[in-house]
Amino acid sequence: MNLNVRTISCDPDRFESFLSGELSDTEERELTLHLNTCEHCRRTLEQQAAEPGAWQEAENLLKPLGFDSPAIDENSDSGLLKYPTRQPLQIQSVLDALRPTDDPEMLGRLGGYEVSGVVGAGGMGVVLKAVDKSLDRTVAIKVMAPHLASSGAARKRFAREAKAAAAVLHPNVIAIHSVSNDESLPYLVMPYMRGTSLQKRLDREGPLSLLEILRIGSQIAAGLAAAHAQGLVHRDIKPANILLEDGVERVTITDFGLARAVDDATITHSGVIAGTPQYMSPEQARLPNRLAVKPWNSAATCSASAACCTPSVPAAHRFEQNRRTASCDASSTKSRLAFANSIRISPNGFAGSLTG
Amino acid sequence: MTEFPETRESLLLQIKSPANREAWDQFALIYQPVIYRLARHRGLQDADAQDLAQQVLMAVASAIGSWEKTNESVRFRHWLRRVARNAIINVLSRRPRDRGAGGSSVQELLMEQPLPDSESDAQIELEYRREIYLRAARIVRGDIEPDTWRAFEITVIENRSIDEAAVELNKLIGTIYAARSRIMRRLRETVQELEKAES
């Protein structure tokens, strides 16, 4: 096709018909060819399509936010697809930001670390597997998501996570090797643990044995106690944040991203919501007074750790099928008793330690 | 990701008028992602943001039954939006250390008179507007060829050059200009229709 042929002269009247789809196929083809070469008509067409503000608004509002939009109701009138997940994009943008490496086995370089793979992606960023060349040890590097790295609040939260976790030295709390907050992508370096999260384990294997529940539960409690002794409240205890190391019987609490110092006033003033809002079931909605939105304190965190163990209990002994509802119920005083009753079969001490 | 069957099934029984029921459906569909994003912007994780959206919608829904008895003169949609705004601002500005443990109920989300908060108002308005655009985009996208949409996506949403789009899609530059202008027009028209339906 010869791109330089002027098939029609500049005719703004055609644009309106084109925009409302009233041109014939031949006329559309002609217009398209004309637009190939005519600067002036391109601009005129775009102005007629919508005012400049609308173009700008479309760009601003439709560009990805970096986190998933919630699922679209499939039965809704538009009947369109769910928004695709942004996580692959997020991982890609972190990998793109790595510096080149000479090692063909590696994906790239970050600070003094050679990155060998991606462990996972979450709300705040991407976790990479890497080798610390100077010490020859494998580490996990949590890199802040690029779209968050420009936000002061997000950087602060990232720094807080590092500070919080680093303040607690305990076998059941993730260690922090080092932190970098001044590069374009802030990151923190932690030991690499071969293993899985409690969440994945539950998804894969279902309820745990009583022995496992006791082993894991007591280690979570020990880790949290160490954090509380430092004046820190984790505020986001859930199975996904509990790591189970392969081979050794060790449980590690991770993700101090929401942790708060008990006396830290700044966070309560910044408008950040402290803690995980309770999940509401229809029954609860009918009995609104039962629902208490409580501030997070060490007791609430302990309740959450009990709730973590709830799905670990074999279904026959659970008082609720719905895991999230169960977590919520286990956090409220009344249902702690129900929870205790539901696992009456287990030793008193165990029920007591989970629900007390 | 979780949707909200609970809201639909149990709470909607409380809404007597079918027109109001439909209005609620539309409202929940739009406000769920709005609240979700507001919460994500403030640093909440996915599950927490969903819970929060659920919490606000439940609070609003639980008040509908009593509203129908007393306020028939106020337009339902307007009432919903006002109540939701108050609930969102209350829940987002909730300062946990101000409260005694276990004292506050979901009803307080509605009862508390929020402080004037122009920043939150602007954020709610922005996210509402974003939701309208996202819905419009899904509608427009559903009726056209994937490549035509891609031309718009690359050059407008991703803000890349016309040339790049032409190369990526193996199309003439003129085709890219034509496609993105026509989609922009349809998008703008659809946004206006949705706004009208919600006002």
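Data table
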read-out: Förster radius 35 Å - calculated FRET efficiency between A:Thr101 and A:Ala229 (Cβ-Cβ, nearest 0.05); value: 0.25
read-out: Placed amide H near A:Met106: partners under 5 Å, 5+ positions off or other chain; value: none
read-out: HN-Hα J in Hz across the range A:13-18 - Karplus 6.51, -1.76, 1.60, θ = phi - 60°, x for Gly and Pro; value: 5, 5, 4, 4, 5, 5
read-out: Estimated FRET transfer efficiency when R0 is 51 angstrom, pair A:Ser209-B:Glu195 (beta carbons, to 0.05); value: 0.35
read-out: Restraint check, A:Lys238/B:Lys196; A:Lys142/A:Lys200; A:Lys63/A:Lys133; A:Lys63/B:Lys196; B:Lys171/B:Lys196, Cα-Cα greater than 31 Å; value: A:Lys238/B:Lys196; A:Lys63/A:Lys133; B:Lys171/B:Lys196
read-out: Under the Karplus curve 6.51 cos²θ - 1.76 cosθ + 1.60, θ = phi - 60°, whole-Hz ³J(HN,Hα) for the range B:181-191, x wherever Gly or Pro sits; value: 5, 5, 5, 4, 4, 5, 4, 5, 5, 5, 4
read-out: Gain on full stretching of the segment that runs from A:Ala175 to A:Glu27 - 0.36 nm per residue minus C-alpha separation; value: 46.5 nm
read-out: Neighbouring partner chain Cβ atoms per residue of A:49-61, average, 10 Å criterion; value: 6
read-out: Hypothetical label at A:Glu59: residues of the range B:169-191 whose amide nitrogen lies under 16 Å (7 Å Cα-Cβ projection); value: B:177, B:180-181, B:184-185
read-out: Distant-in-sequence amide H partners of A:Val119 (H built 1.01 Å from N, under 5 Å); value: A:Val127, A:Leu128, A:Lys129
read-out: The range B:143-198 - percent relative contact order, Cα under 8 Å, separation 6 or more; value: 34 percent
read-out: Surrounding net charge for A:Val127, when Lys and Arg each add one and Asp and Glu each subtract one, Cβ distance under 11 Å; value: +1
read-out: Relative contact order for the range A:157-262, counting Cα pairs under 8 Å that sit 6 or more residues apart, in percent; value: 36 percent
read-out: For residues of B:35-46, the mean tally of beta carbons on other chains within 10 Å; value: 6
read-out: Whole-number Å³ per residue for the convex hull built on Cα positions in the range A:87-191; value: 102 Å³
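Any read-out appearing in this document is the output of simple, stated calculations on the displayed coordinates, not a laboratory observation. Owing to the predicted nature of the structure, the values given are computational and were not obtained by experimental measurement. Quick reminder, even Gly has a Cβ in these numbers, built from the backbone with ideal geometry, and neighbours come from all protein chains shown.
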